[in-house]
Structure formats: C-alpha cells, structure tokens
1. Report, by residue number, each residue of region 1-30 that is under 16 Å from the mean Cα position of the chain (by Cα) and more than 23 Å from L116 (Cα to Cα).
2. What tally of residues in region 140-157 results from selecting those that are part of a helix (DSSP H, G or I) and exposed (fewer than 13 other Cβ atoms within 10 Å of the Cβ)?
3. Has region 101-115 got at least one residue that is farther than 17 Å from A25 by Cβ, out of contact with any Asp or Glu (no Cβ under 6 Å at 6 or more places or on another chain) and open to solvent by 30 Å² or more (accessible area, probe 1.4 Å)?
4. List the pairs whose first member sits in region 18-40 and is open to solvent by less than 40 Å² (accessible area, probe 1.4 Å), whose second member is of a type in the set (S, T, Y) and assigned to a helix (DSSP H, G or I), and whose Cβ atoms are under 6 Å apart, counting only residues at least 6 apart or on separate chains?
5. Just give me the residues in region 62-100 being more than 21 Å from D6 (Cβ to Cβ), surrounded by 15 or more Cβ atoms within 10 Å (Cβ to Cβ) and charged (D, E, K, R), in sequence order.
6. Does any residue of region 102-114 turn out to be over 30 Å from Q50 (Cβ atoms) and either touching a Phe, Trp or Tyr at 6+ places or on another chain (Cβ under 7 Å) or modelled with pLDDT under 95 (or both)?
Amino acid sequence: MIHDLDHLIGRAMRLGVWINLIAPAMLAGIAYALFASGTIQPSPDFTDGQSVLFFALVGVALSELVAAFVMRRILFSPERARPIRHDPVLVEQWVIRSSIIVFALGASPVAYGVVLFLLSGDLRQLALFGIVCLLAYRLFRPTRDLLEAALQETIPQ
C-alpha cells in the first residue's frame, strides 16, 4: 500500500480553506455590504427575542461541532478504509468526500451568524460564529496521523 499522504492532505486542506475560510468570509462580506449600504436594516422588533434566538443558534452550532467530531471519527476510521486501502483512486475519493462532509459541518455555524447579524446588526455575533468556523477548520481537518492510522495494514493474529 503506497499512498501519497502529503498529496491527499494537501488536497483536503485546500478544500477546507474554500469551505471553512473563503466561502464563509464571502458570505459574511456580502451580509456586511448589504447592511452597510442600508439595503437591509436590523429589525426593531428583534430586540425582545434576540437572546433566545442567539442561545438557540449557539446550541445548534455546538451540536454541529459535536456532529463534525463524531463524523470525523466515523468517516476516517480504519473500518471505512479497509476495503479500499489498496486502490489509490478510491482512497483519494474517500478522503475528499469525507473531508467535504466534516468541513461543511464545521462551516455551517457562520450561516447562523450571518442571519443574526442581518436581524440585529450586531457584528459581534457574526464574529463569534466566524471564530467557531475557524476553530472547526483547525480541529476537524484530516491529519497525517489520522490517515496513516486508517490506512495501515492490520496484521492478523
């Protein structure tokens, strides 16, 4: 079994940069541009329900981070890699597909921050969810150790 793990990790990381960094930054930038231009105004009626919605979305975002952690463990497990470990094409597809799922789960909280920002005009809430997205990128990315462990040959005893 010979796989170029550095190549696989590089592709997954570039994909993660797009999913967890560039796309959320573009989404936040569009939201900020709409807000700054006056196209979208914060809702005056939102102040009463702001804290309830904020804490509900924080709970949903945290549950998605837990889901990203669980999915990373499941998707990058040796059981998933065992049937395909000798086929470099299938291994590469497995790494990319699994990375997309984990990175997408980690990037979704920024959408909640954009919604809160557009409703309230509070940039701190958008920043908080953006930081969560950045942490998810850092914490749940596939690593060399993770891929080596999943792709290693098991010796029957």
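The values are calculated or read from the model by the stated rules, or taken from the named source; none is laboratory data. The model shown is predicted, which means the values in this text are computed figures rather than measured ones. Neighbour counts are summed over all protein chains in view; Cβ atoms, including those assigned to glycine, are modelled from backbone coordinates with ideal geometry. Side chains included, ligands, DNA and RNA excluded: accessible areas come from the protein's heavy atoms. Shrake-Rupley method; radii C 1.70, N 1.55, O 1.52, S 1.80 Å.
1. Kept after step one, since they are under 16 Å from the mean Cα position of the chain (by Cα), are these residues of region 1-30: 9, 11-28.
Across region 1-30, the qualifying residues are I9, R11, A12, M13, R14, L15, G16, V17.
2. 3
3. If we filter region 101-115 for residues that are farther than 17 Å from A25 by Cβ, which is where we start, we get 101-102, 105.
Checking the rest, the ones that are also out of contact with any Asp or Glu (no Cβ under 6 Å at 6 or more places or on another chain) come to 101-102.
From what is left, the residues that are open to solvent by 30 Å² or more (accessible area, probe 1.4 Å) are 101.
Checking region 101-115: at least one residue is farther than 17 Å from A25 by Cβ, out of contact with any Asp or Glu (no Cβ under 6 Å at 6 or more places or on another chain) and open to solvent by 30 Å² or more (accessible area, probe 1.4 Å).
4. Between residues of region 18-40 that are open to solvent by less than 40 Å² (accessible area, probe 1.4 Å) and residues that are of a type in the set (S, T, Y) and assigned to a helix (DSSP H, G or I), the close pairs are N20/Y137.
5. Passing the criteria: only E64.
6. Within region 102-114, the first condition is being over 30 Å from Q50 (Cβ atoms), and the residues that meet it are 102.
If we keep only those that are either touching a Phe, Trp or Tyr at 6+ places or on another chain (Cβ under 7 Å) or modelled with pLDDT under 95 (or both) too, we end up with 102.
Within region 102-114, one or more residues are over 30 Å from Q50 (Cβ atoms) and either touching a Phe, Trp or Tyr at 6+ places or on another chain (Cβ under 7 Å) or modelled with pLDDT under 95 (or both).
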